[in-house]
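K.L.:
Let me give you the structure first, and then I'll get to my questions.
The values are calculated or read from the model by the stated rules, or taken from the named source; none is laboratory data. Everything quoted here is computed from the prediction, not taken from an experiment. Note that each Cβ is placed from the backbone with ideal geometry, even for glycine, and that neighbours are counted across all protein chains shown. Only protein heavy atoms, including side chains, enter the accessible area calculation; ligands, DNA and RNA are left aside. Shrake-Rupley method; radii C 1.70, N 1.55, O 1.52, S 1.80 Å.
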Amino acid sequence: MSSMLRYLAVSVGLLLTPAMAADAPAPDPTLVAKGLQFFNDAALSGSGNVSCATCHFSSGHTNNKTYVGLDVVADGNPDGRSTPTLWGAGERSVYGWGGTAPTLEESIRGIIVNRMKGAEPSKETLAALVAYVRSLPSPKNWQLNEDGTPSPAATPSVQRGFALFIGDGGCGTCHVLPSLDKSSRDDIGTGGRFKVPSLRAVVLTAPYFHDGRTASLRDAIKLMWGVYAKKMDTARTPTDAELDDLLAYVSAL
Ligand code: HEC
Ligand code: HEC
């Protein structure tokens, strides 16, 4: 992680150790340990040079790069797909930017066979990888309750940001608490229909949108507000102070 991202994360109170979170049922530790081995195993790829951790590095997070297949491309390339974080992936509904994989199993199988050009994985390998990915919780933030609502300790800016998120900004209609995603696919004017992605840990996942077209989270939020305003046929645009508040809330997720 770059020092800038680390600074941002610390300044909004994110705890960076995924191992600290989650009340989800404890996954089988032996299976998780096996999954971690496969996660780092380049033998899963056709070339023998690429493992899951190449792209989802730092304990299943993202290397913040955009890919076509195994090639890094410029952010914003329409064929490119930005690497998502796997922190909290167990709580999402449907997988991939296109939202075409209904389960983690299918998502991971597709990545091994299609992206990594590896051999068909065994059921056991897939089960171990799924268990490992499911063991990666989203980071916690002292400003928020588990369900994503602000805790009493949250700064006034985060509280105002949350009010805008579920109110005038309309964000909460698509990015639904507590997972902050939704299984539906929407055309928001980014070049097709895409799954509503989770916003958990989003301050650490730049660049933004399926093709990594937007480097700054503030700009991504501004673009999204415009999409919603157009959909609702209102001319309500956020003030700079409102954008700062929304950014404060979203950065705490
Ligand atoms: C070359 C980089 C790269 C490698 C290697 C890679 N991934 Fe990914 N991963 C991506 C990208 C890019 C996406 C988004 C793909 C898309 O939406 O079309 C993704 C998506 C995912 C998703 C879906 C997440 C979501 O919320 O939609 C999962 C799960 C996942 N990867 C797990 C894995 C596992 C497990 C491995 C190893 C078997 C792996 N990945 C190897 C880059 C990579
Ligand atoms: C109509 C449904 C809808 C509404 C309303 C909506 N979003 Fe989104 N959002 C999406 C979809 C779909 C994407 C993915 C588009 C893509 O990848 O091209 C997205 C992507 C994002 C991203 C980029 C996430 C990433 O990991 O790259 C952010 C940040 C975001 N939305 C924040 C917001 C905020 C803040 C609001 C309210 C101002 C909002 N969204 C309102 C559907 C919506």
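K.L.:
How tilted is helix 123-134 with respect to the longest principal axis of the chain? Cα atoms for both, answer in degrees (0 to 90, nearest 10).
P.N.:
So the inclination is approximately 30 degrees.
K.L.:
If you don't mind, there's one more thing I want to ask. Using unit Cβ charges (K, R positive; D, E negative) and no other charged atoms, how large, in debye to the nearest 20, is the dipole of the chain about its Cα centre?
P.N.:
On the way: 23 positive and 24 negative charges, 47 e Å.
My answer is approximately 220 debye.
K.L.:
Right, another one. Could you state the angle between the C-alpha long axis of helix 156-166 and the longest principal axis of the C-alpha atoms of the chain, as a value from 0 to 90 degrees rounded to the nearest 10?
P.N.:
Computed tilt is about 80 degrees.
K.L.:
Per residue, what accessible area does the chain have, given a 1.4 Å probe and all protein chains present, in Å²? Intermediate values should be presented prior to the final figure.
P.N.:
Details: 12410 Å² over 253 residues.
Solvent-accessible surface per residue comes out at 49 Å².
K.L.:
Moving to a separate point now. Considering the Cα trace of region 86-127, what is its radius of gyration and what is Dmax, both in angstroms?
P.N.:
Rg and Dmax of region 86-127, Cα atoms, are 10.5, 28 Å.
K.L.:
Over the alpha-carbon set of region 42-82, divide Rg by the Kirkwood Rh and report the Rg/Rh ratio to two decimals. Walk me through the intermediate numbers first.
P.N.:
On the way: Rg = 10.8 Å, Rh = 10.8 Å.
For region 42-82, the value is 1.00.
K.L.:
Over region 172-249, what number does the Rg to Rh ratio reach, with both radii from the alpha-carbon atoms and Rh per Kirkwood?
P.N.:
On the way: Rg = 12.3 Å, Rh = 13.2 Å.
Radius of gyration over Kirkwood radius for region 172-249 works out to 0.93.
K.L.:
Using only C-alpha positions, report the orientation-averaged shadow area of the convex hull of the chain, nm², one decimal. Working shown, then result.
P.N.:
Numbers: hull surface 52.1 nm².
The directionally averaged projection comes out at 13.0 nm².
K.L.:
In addition: For the chain, take the longest principal axis of its alpha carbons; what is the angle in degrees between that and the long axis of helix 29-39, to the nearest 10 within 0 to 90?
P.N.:
90
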